[in-house]
Amino acid sequence: MYMSFNTESTIMEESCISKFFADNCGFLTYGVIGVCAFLTIRQYMQGPKCRSTLKLAGKTVLITGANTGIGKETAKDLAKRGARVLLACRDLTRAQKAASDIINSTGNTNVVVYKLDLSSLKSVRECAEEVKKNEQRLDILINNAGVMWTPQWKTEDGFDMQMGTNHLGHFLLTNLLLDLVKKSAPSRIVTVSSLGHRRANLNLEDINCAKSFSTVTAYANSKLANILFTRELAKRLEGTNVTAVSLHPGAIASELGRHIEDRNLVSRLLAKVLYYPFLKHLIKTPTAGAQTTLYCALDPDVENHPGKYFSDCAVKEPTKAGQDDVMASKLWALSEKLTGLKK
């Protein structure tokens, strides 16, 4: 038995390989550098993690919009800590699937679904009544759900869809559940806002942007309203041992941007050419995006900063408009009137 080697063939193959690398050395080097740079930037974009090891056995948490994105990731994390987790969602089918996913991945069977459509004040009231009827406590309320850059849609009650869903729905829900939250103190109310509030031009005489509609401005106004609502809420909660804060979760690859292609041709082109093939893979994952929400819900230092605005697990300053306590008070009074909370 013997083995033969085609030495000439082997030499030729090695020569071809060497020539290939020699001819493409620069291209390969730049490619490796590009991949490393992309991965480095992506890792940086994920931001810091919530380091809290707090366990939540015996505690109850309600999260709006918890069937997808950062809401679902937040719910999953809190379920792992032993909390009773309430998923308040518009789509019950998707919510039930999310609940099953969370139960299967965490082993916590204490995950409950409630019907909540924030674009309907009737639905908000019905949800609040169900929660108060069935739940003995509410230790953490996380106002997470939201819509972004929708067309000029109206809610069931005639409000701009973004202001009605992102602010007014959460304003009413929070107030209706406030006694239960106070009863469970020390407790937290965490509202997810956005860095997008920097583009706001909030006019309380035209809160629905009826006179001049821009979907970007309408979204920004609703996110500024989240911050102002939180500031005024924190004032009203002084002495109750309930801490209210707002936050920017970061730019996240989630379903929140699903309406971007509804805006115009340029937006559709940018989405197809830039966002889906590149940016979507660079910005935060839903898990990374949930970290500041978790920090605000769990970290003991947050209690020292009632009414403040957080980003990347730290206190950050919102715009001057986001620090306007006079505007916050006026927005509260208007929101009470619009939601029928106060006749």
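No value in this document is a laboratory result; all are computed from the given coordinates. Since the structure is predicted, the reported quantities are computational estimates derived from the model, not experimental observations. So basically every Cβ, Gly included, is an ideal-geometry build from the backbone, and we count neighbours across all protein chains shown.
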Discussion item. Give me, ordered by chain and number, the residues 5 or more places off Ser311 or on other chains with an amide H under 5 Å from its own placed amide H.
Written reply: His248, Lys316
Practice prompt. Quick one: what are the phi-derived ³J(HN,Hα) couplings along region 115-120, Karplus 6.51/-1.76/1.60 with θ = phi - 60°, whole Hz, x for glycine and proline?
Written response: 7, 8, 10, 5, 8, 10
Practice prompt. Go through 69-78, 178-187 and give me the packing order, highest mean Cβ count within 10 Å leading.
Written response: 69-78, 178-187
Worksheet item: Relative to the present Cα-Cα distance, how much length would full extension add between Asn110 and Lys122 at 0.36 nm per residue of separation?
Response: 1.6 nm
Worksheet item: Roughly how many nanometres apart are two label points built 7 Å out from the Cα toward the Cβ at Thr287 and Thr93?
Response: 2.9
Worksheet, complete the sentence: Taking the dipole of region 52-339 about the Cα centre (Lys, Arg +1; Asp, Glu -1; charges at Cβ), the one of Thr293, Ser187, His167 that reaches farthest to the positive side is Thr293
Worksheet, complete the sentence: Placing +1 on each Lys and Arg Cβ and -1 on each Asp and Glu Cβ in region 52-339, then taking the dipole about the Cα centre, the residue among Asn104, Val61, Gly239 whose Cα reaches farthest towards the positive end is Asn104
Fill in: Filter on Lys49/Lys223; Lys49/Lys182; Lys49/Lys80 - keep pairs with C-alpha separation over 20 Å
Lys49/Lys223; Lys49/Lys182
Discussion item. Cross-link candidates for Lys342: which lysines have Cα within less than 19 Å, leaving aside residues fewer than 8 places away along the same chain?
Written reply: Lys122, Lys235, Lys330
Item to complete: Grab every C-alpha pair in region 117-250, bin the distances at 5 angstrom width from 0 up to the longest one, and report whole percents.
Response: 2, 11, 21, 21, 19, 14, 8, 3, 1, 0
Discussion item. Cross-link candidates for Lys115: which lysines have Cα within less than 16 Å, leaving aside residues fewer than 8 places away along the same chain?
Written reply: Lys72, Lys97, Lys132, Lys133
Worksheet item: What residues have an amide H closer than 5 Å to that of Ala145, excluding those fewer than 5 places away on the same chain, when H is modeled at 1.01 Å from N in the peptide plane?
Response: Thr64, Gly65
Practice prompt. Treat every Asp and Glu Cβ in region 52-339 as -1 and every Lys and Arg Cβ as +1, leave all other atoms uncharged, and give the resulting dipole magnitude about the Cα centre to the nearest 20 debye.
Written response: 400
Item to complete: List every residue whose amide H lies under 5 Å from the amide H of Val112, counting only residues 5 or more places away in sequence or on a different chain, with H placed 1.01 Å from N in the peptide plane.
Response: Val85, Leu86, Leu87
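So, counting K/R as plus one and D/E as minus one, what does the shell of residues with Cβ under 11 Å around Ala95 add up to? Write out the running numbers ahead of the final one.
Numbers: positive: Lys72, Arg90, Arg94, Lys97, Lys115; negative: Asp91, Asp101.
Residues close to Ala95 contribute a combined charge of +3.
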Discussion item. Show me, for region 154-159, the HN-Hα J-couplings you get by feeding each phi into the Karplus relation (A = 6.51, B = -1.76, C = 1.60, θ = phi - 60°), rounded to Hz, glycine and proline as x.
Written reply: 10, 6, 4, 9, x, 8
Worksheet, complete the sentence: Two pseudo-spin positions, 7 Å from Cα along C-beta at Gln323 and at Asn304, lie apart in nanometres by 1.9
Practice prompt. First measure r as the distance between the Cβ atoms of Asn203 and Thr240, then evaluate 1/(1 + (r/R0)^6) with R0 = 35 Å and state the FRET efficiency to the nearest 0.05.
Written response: 0.65
Worksheet item: At what distance in angstrom do the alpha carbon centres of region 168-192 and region 291-343 lie from each other?
Response: 12
Worksheet entry | Around Thr60: net Lys/Arg minus Asp/Glu count, Cβ-Cβ under 9 Å | +1
Worksheet item: If you look at just the Cα atoms of region 52-339, how large are its Rg and its Dmax in Å?
Response: 17.7, 52
Response to the item:
Note, region 319-330: 3J(HN,Hα) by Karplus (6.51, -1.76, 1.60, θ = phi - 60°), whole Hz, Gly/Pro = x, goes 5, 4, 4, x, 10, 8, 6, 5, 4, 4, 5, 5
Worksheet item: Could you give the dipole magnitude of region 49-204 about its Cα centre, charging the beta-carbon of Lys and Arg +1 and that of Asp and Glu -1, in debye to the nearest 20?
Response: 620
